[in-house]
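Here's the structure we're looking at; comments come further down.
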Amino acid sequence: MRVAHPKSVRGYLLVEVAIAAMLLAMGAVWYASASADATRDAGAQSTGRLLLVARGALQRLMVEHYDWLLGYEGAAEPPDWLAQPLPLDVDAAPLLQAEDAVLEAGEPRRPAYGASLRIRLWREHECPGPACRLRALVYTAEPVRAEAALDYSPELVGAIMLSTDGYGGHAPPGVPERLRGALFDAANPVGAVAGIVAVSADLDATPFHQFVRHGDDRPVRLRNRLEVDGLLVAGSGVQLPTGVEPGAACPGEGVYARSARGALAVCTVGVWFEIGRYVVQGEAGGLRSGEPVPEPSCPPGTTPFTRLGLQALDHRIAGGDIDVRGDLRGTVSGTGSVNAAGAVSVTGAFAGSVQSGAGSYVQVRIRPSLLDGRVHVDGGPDNLVHALWGCRHDG
């Protein structure tokens, strides 16, 4: 049996202690590194969440004051810090201090990286108007750095981007003057500085433009009927792009449409009935013979018309307008003659009575007309005419 020498035992113990100390040191280094990584990840997630919170608060303000931000007159103004000419670049602190910022108790209102958050609002295209587009960004005021001495940390930028739900972007080192993400490509408000992280707050990335809103200036197209309980008001007119045929079947009582010849039509008793074939441009009454009547001015596809009617009658009936037929009783005094055929011709005075028969009549012809743009009517000076003029749709 061999017995270890005491000096050999002491040597083994020292080696084991050294190995244990080395392992402990390595564990401490690994733990410190893992702890630092976890701290940086938590800071990156916190920064990403804060960017999204500011984005949501800004979008709510944009929706509430959308008309003012687009430049419409008479719209309600936003808070003072936002009520400034666009483009606007201000600190995002008021957004994060608002009651609807949705921050949990104790949650920081400043980002762990990037110093602070700022917002940038600007318009594109002609505003106000249908083509106007409102753009918005929330971005870090400084590059995202792991340490103050570094320009920026690509790892932290990536971690923050992962926490922005796809709305994020950053200024890459190759093109630091641009902020680029999946949803936007915009100028870097800080300049040609890499490592700036931003999120898009454009309303284009929300359902905002999918719905018709109060004051909307976009053309709206519906594929079904629109019912209105109150009064329907149209500032420029109502266009009916139809071409119905009078007498054809129609969809429902009281429906209005435009006929094929351009007249207004209404659905009555199941068929289309034209009610606007004649368009009256003017009328005048009390016209005497010789007075002028305006000439209608009509667009292509229509024909001018003028209609005259008697308004008051002043006519003396005499001469050939009277033809009395019937029995004649009385005496004739004077001179006369009888020809070979038996016809009697008497010149003198008649005293007696005339009894008209079924063939007697009094004839009066008064027919107003238009000659060279003026009224013409036979008879007395107090014959009055009523005139109506306008355009008639052809067809």
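A few remarks follow.
- Near Arg145, the amide H atoms lying under 5 Å from its own belong to Gly114, Ser153; only residues 5 or more places off or on other chains count, and H is placed 1.01 Å from N.
- Taking θ as phi - 60° and the Karplus parameters 6.51, -1.76 and 1.60, the scalar couplings of the stretch 156-163 work out to 5, 4, x, 5, 5, 4, 5, 9 Hz in sequence order, x denoting glycine and proline.
- Length gained on full extension, Glu77 to Val338, computed as 0.36 nm times the residue gap minus the Cα-Cα distance: 82.8 nm.
- Glu126, Glu155 arranged by Cβ crowding within 10 Å, fewest neighbours leading: Glu126, Glu155
- Shown for Trp389, Trp122: other C-beta atoms within 10 Å of each C-beta, ranked fewest to most, produce the order Trp122, Trp389.
- Cβ-to-Cβ counts within 10 Å put Asp165, Asp202 in ascending order as Asp165, Asp202, the fewest first.
- Sites Thr242 and Arg392 - FRET efficiency at Förster radius 22 Å, r taken between beta-carbons, to 0.05: 0.60
- Each residue of the stretch 283-298 is assigned a 3J(HN,Hα), and the resulting list reads 8, 8, x, x, 7, 9, 4, x, 7, x, 10, x, 8, x, 10, 10 Hz, derived from the Karplus form 6.51 cos²θ - 1.76 cosθ + 1.60 (θ = phi - 60°), x at Gly and Pro.
- Subtracting the Cα-Cα distance of Ala141 and Val271 from their residue separation scaled by 0.36 nm leaves 39.8 nm.
- Between Glu177 and Asp91, the distance separating the two model label sites (each 7 Å from Cα on the Cα→Cβ line) works out to 3.0 nm.
We did not get these values from a lab; they are worked out from the coordinates using the rules stated. Just so it is clear, the structure is predicted and the values come from calculations on it, not from any experiment. Cβ: placed from backbone, ideal geometry, glycine included. Neighbour counts: every protein chain shown.
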